[in-house]
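Student: Take this structure first; my questions come after.
The values are calculated or read from the model by the stated rules, or taken from the named source; none is laboratory data. Fair warning: this is a prediction, and the values are worked out from it, not measured in the lab. Here Cβ is always computed from backbone atoms with ideal geometry, including for glycine, and neighbour counts include all displayed protein chains. Only protein heavy atoms, including side chains, enter the accessible area calculation; ligands, DNA and RNA are left aside. Shrake-Rupley method; radii C 1.70, N 1.55, O 1.52, S 1.80 Å.
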Amino acid sequence: LRPDEVPGDVSFLTNKGAFYNGAEALDSELGFERHWMVPAELVRELTAFVADAAPGVDVALQHRELWHSFRLPLRDDEHAEWGFADHELLPFEVARHHDCSKIVAWHGSRELTELHSGVVERFGRRVRAFLTDSRLWLMLVAPAATKENAVGELLALRNIPPDEVVVFGDDTPDLGLLQAFPRSVAMGNASQALKDAATHVTKSNDEDGVAFALEEILSVL
């Protein structure tokens, strides 16, 4: 959700939390904001590599909530799905010379397993790369940009011990988060790797799995 789409009674969804797959930790109530960005030089190298290795794959660059950029033209329906205003769209050849919160490569029907392997082999630990959405999307973020790091920063800021926290996850970027906390819940639609890492497994997202876990498994509600 964009900030202007969030109802007032749930504004906490945008004023505190971990965003961009862990590339930002934010607690605006305490005036805290930290970003782990992909540096501009690496952005240029990565985008050039993807363009050469997979010419038909689109690439999106995101710089916090300030702007988005796309290598290939978007259809109208794709434009709406990303949820940004026209003034937030930056030309790709300009954007790739800036630091980025997150780089996304995707294809509507082609698995990006080979591209992922190529990125890992070429760039190693300079970037954190993982596949999502049935391996059709490749996410690239800074090495320290993890949800567990971002959440850990926010908890330390408020002196909240990890054993008082329950974390939820349903996709590859959540694996480290589930492994890092003593109480973790994998969604029913998550991969087996996430389910094996979690202390609990709940129903799927479509079945209100978070609410079910809070009420039936954790007895919070």
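Student: Excluding residues on the same chain fewer than 8 positions from Lys195, give the aspartates and glutamates whose Cα lies under 13 Å from its Cα.
Tutor: By straight Cα distance, Lys195 reaches Asp170, Asp171, Asp174.
Student: Before anything else, pin down the relative contact order of region 70-221: Cα pairs under 8 Å, at least 6 apart, normalised by residue count, whole percent.
Tutor: Rounded, it is 12 percent for region 70-221.
Student: Where does the charge balance sit around Leu154 when Lys and Arg score +1, Asp and Glu -1, over other residues with C-beta under 14 Å from its C-beta? Please list the in-between numbers first.
Tutor: Details: positive: Lys16, Arg34, Lys147, Arg158; negative: Glu24, Asp27, Glu29, Glu33, Glu148, Glu153, Glu164.
Neighbour charge sum, excluding Leu154 itself: -3.
Student: Then there is this: Taking the convex hull of the Cα atoms, report for region 83-165 its projected area averaged over all directions, in nm². Intermediate values should be presented prior to the final figure.
Tutor: Numbers: hull surface 33.7 nm².
Seen from a random direction, the Cα hull of region 83-165 projects 8.4 nm² on average.
Student: Let me ask something else about it. Give the long-range amide H neighbours of Asp99: residues separated by 5 or more places, or on another chain, with amide H under 5 Å away, using H modelled in the peptide plane at 1.01 Å from N.
Tutor: Ala40
Student: Something else now. Could you tell me which residue out of Pro182, Thr172, His107 lies farthest along the dipole of region 97-202 toward its positive end? Charges go on the beta carbon: Lys and Arg +1, Asp and Glu -1, centred on the Cα centre.
Tutor: Looking along the dipole axis, the top candidate is His107.
Student: Before rounding to the nearest 500, sum -39500 (n - 2.57) across all DSSP H runs of length at least 4 in the chain and divide by the residue total; then give [θ] at 222 nm in deg cm²/dmol. All intermediate terms of the calculation are to be shown ahead of the outcome.
Tutor: Values: 9 runs with 67 residues, N = 221.
Per the formula, -8000 deg cm²/dmol.
Student: Convert each backbone phi in region 14-27 into a coupling constant with the Karplus relation 6.51 cos²θ - 1.76 cosθ + 1.60 (shift: θ = phi - 60°), then list the ³J(HN,Hα) values in order as whole Hz, x for Gly and Pro.
Tutor: Per-residue couplings from phi come out as 10, 9, 7, x, 9, 10, 6, 6, x, 7, 9, 10, 9, 9 Hz.
Student: Next question, about the same structure. What angle do you read, to the nearest 10 degrees and between 0 and 90, between the alpha-carbon axis of helix 40-53 and the longest principal axis of the chain?
Tutor: Relative to the chain, helix 40-53 is tipped by roughly 70 degrees.
Student: Let me spell out the model: positive unit charges on the Cβ of Lys and Arg, negative unit charges on the Cβ of Asp and Glu, origin at the Cα centre of the chain. What dipole size does that give, in debye rounded to 20? It would help to have the intermediate numbers written out before the result.
Tutor: Values: 20 positive and 37 negative charges, 173 e Å.
Approximately 840 debye in magnitude.
Student: If the cut-off is a Cα-Cα distance under 15 Å, which aspartates and glutamates reach Lys102, setting aside same-chain residues fewer than 8 apart in sequence?
Tutor: Glu24, Glu41, Glu45, Asp58, Glu65
Student: Something else now. Give me the angle, in degrees from 0 to 90, between the Cα long axis of helix 113-123 and the longest principal axis of the Cα atoms of the chain, rounded to the nearest 10.
Tutor: Once rounded, the angle reads 80 degrees.
Student: By the scheme Lys and Arg +1, Asp and Glu -1, what is the net charge of all other residues having a beta-carbon under 14 Å from that of Arg44?
Tutor: Residues close to Arg44 contribute a combined charge of -1.
Student: Which ³J(HN,Hα) values, rounded to whole Hz and listed in residue order, are derived for region 139-147 from phi using the Karplus coefficients 6.51, -1.76 and 1.60 in 6.51 cos²θ - 1.76 cosθ + 1.60 with θ = phi - 60°, glycine and proline given as x?
Tutor: 9, 10, 9, 4, x, 8, 7, 10, 5
Student: In addition: Per-residue HN-Hα couplings for region 150-157, Karplus 6.51 cos²θ - 1.76 cosθ + 1.60 at θ = phi - 60°, whole Hz, x for Gly and Pro?
Tutor: 5, 5, x, 4, 5, 5, 4, 4
Student: Over region 179-221, average the accessible area per residue using a 1.4 Å probe and give it in Å², no decimals.
Tutor: 59 Å²
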